[in-house]
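Notes follow the structure.
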Amino acid sequence: MKVQKIKFKDSNKDYSILIGNNILNLLSLKIKSLSPKTKKIALILDKGVPSKYKKKILKNLKRYEVYVYNFNANEKTKSINSVTHLLNKLLLKNLNRSDLIVGIGGGITIDFAGFVASILKRGINFISVPTTLLSQVDAAIGGKTGINSKYGKNLIGAFSQPKLVISDTSFLKSLPKKEMICGYAEILKHAIINDKKFFHWLKSNTKYIFSHHSKKLIYAIKKSCNIKLFFVNKDVNEKNLRMILNFGHTFAHAIEVKNNYSKSITHGEAVLAGMILATKLSIIKKVCNKKTLNELLDIYESNNLNYSFNKYKKTKEIKKLIPYLKNDKKNNDEKINFILLNRIGKTTMPNKNKISINELNKLVKYFTQY
Ligand SMILES: NC(=O)c1ccc[n+]([C@@H]2O[C@H](COP(=O)([O-])OP(=O)(O)OC[C@H]3O[C@@H](n4cnc5c(N)ncnc54)[C@H](O)[C@@H]3O)[C@@H](O)[C@H]2O)c1
């Protein structure tokens, strides 16, 4: 069993991210060394994770008093009501600060469990076991935890780092293709914004990611985590540089809101479309050239991903997105704060390309030229 390890370090916390295939049995060993006083463990378990893993984990943790909370993970249950419900259960079990919460599941479960751990008794130990590709390359990395509110997604939360992340690629075998695409969109984004070499690697190896080739998956997850951490380390509280990680997400967010977060377009598919639209806007704003766009289109085409942006080849469909761009989190005034692409591996800096709705309405006709 080969385990890849990434060390995260900032001014007040360091922890490891372990990546490998079939590495779940490391959990109890790691708890023993990282949290030696732990007696009770609350497992917050995503109901979508196949039950064989639950059995495996319970066997691995048999020396502890384990409480299992089966979480029906969706954007509606990622809520303050679920937080209150779980907090009451955990307080009843009398978990204290030397005890531990382990979140096992996709990004929703990891965000939710991490948030509960950050506020229970002002913060108890937390270990994250992400089980979707997106949570392994994104949600479990960087210390953002949180829940949704009726005013929008992820509006309540805390920056809080775990004690450990275990990314076991064997979980991904049961993941539907649509969910694999969600994670892949973020992997591709990481390559596009920061690493030309990795982008070229993806050109020849994307097919192996989708066919679950263990070694290639582990390589892509590790690369992707390192790129995310590069930005997080420079800007833990998301004041500036970390916003580059939002490349493609301004349009993606508008697509998702416009479609009422319908399951027919997943977040990852919206990100894939959003990155193409952001690149076209980069050409229109003369910070990028057509060759870069073609490189992107090539990788989409050879992996059958162009279906994600077909709809946005029409001016009228792009126009419909514009009113929904206004609510993006990066905006700090009336204008839309875009991260644009210079070339593969390099974006513009945050706050350098603020575009008004008026100007966007004028530019929209040029998108179809590319
Ligand atoms: N904190 C952050 O920095 C950050 C970053 C990106 C995304 N997020 C959040 O992550 C969430 C999306 O995460 P996601 O894409 O993992 O979605 P998700 O948590 O909804 O999981 C997707 C689906 O897969 C199921 N599932 C989980 N593991 C499985 C497995 N091994 N096999 C089969 N099915 C499995 C889940 O039950 C769910 O139905 C969003 O709420 C988003 O806001 C957070």
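None of the figures in this text is laboratory data; all of them are computed from the coordinates on show. As the structure is a computational prediction, the values presented were derived from the model and not from experiment. Glycine also receives a Cβ, built like all others from the backbone with ideal geometry; neighbour counts cover every protein chain displayed.
Observations on the model:
- Enumerated strands (runs of 3 or more DSSP E) restricted to region 65-147, each holding at least 2 residues that are surrounded by 24 or more Cβ atoms within 10 Å (Cβ to Cβ): 100-105, 125-130
- Within region 130-151, the set of residues being within 7 Å of the ligand (Cβ to nearest atom) and polar (S, T, N, Q) comprises THR131, THR132, SER135, THR145.
Residues are listed down the side, and each one gets a yes or a no for (1) without any contact (Cβ under 8 Å) to a residue 40 or more places away in the chain; (2) away from the ligand (no atom under 12 Å from the Cβ):
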site	(1), (2)
LEU175	no, no
LYS178	no, no
ALA185	no, no
LYS189	no, no
ASN194	no, yes
HIS200	yes, yes
ASN205	yes, yes
ILE244	no, yes
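- Tallying residues that are more than 14 Å from the chain's Cα centre (by Cα) and buried (at least 24 other Cβ atoms within 10 Å of the Cβ) within region 258-274 yields 2.
- Members of region 341-369 found to be among the aromatic types (Phe, Trp, Tyr) and surrounded by 16 or more Cβ atoms within 10 Å (Cβ to Cβ), listed by number: PHE367
- Note on region 266-290: residues that are in contact (Cβ under 8 Å) with a residue 40 or more places away in the chain and part of a loop (DSSP other than H, G, I, E, B) amount to 5.
- If only residues of region 167-195 that are crowded, with 24+ Cβ neighbours inside 10 Å, closer than 17 Å to HIS213 by Cβ and among the small types (Gly, Ala, Ser) are counted, the one that is farthest from the chain's Cα centre (by Cα) is SER167.
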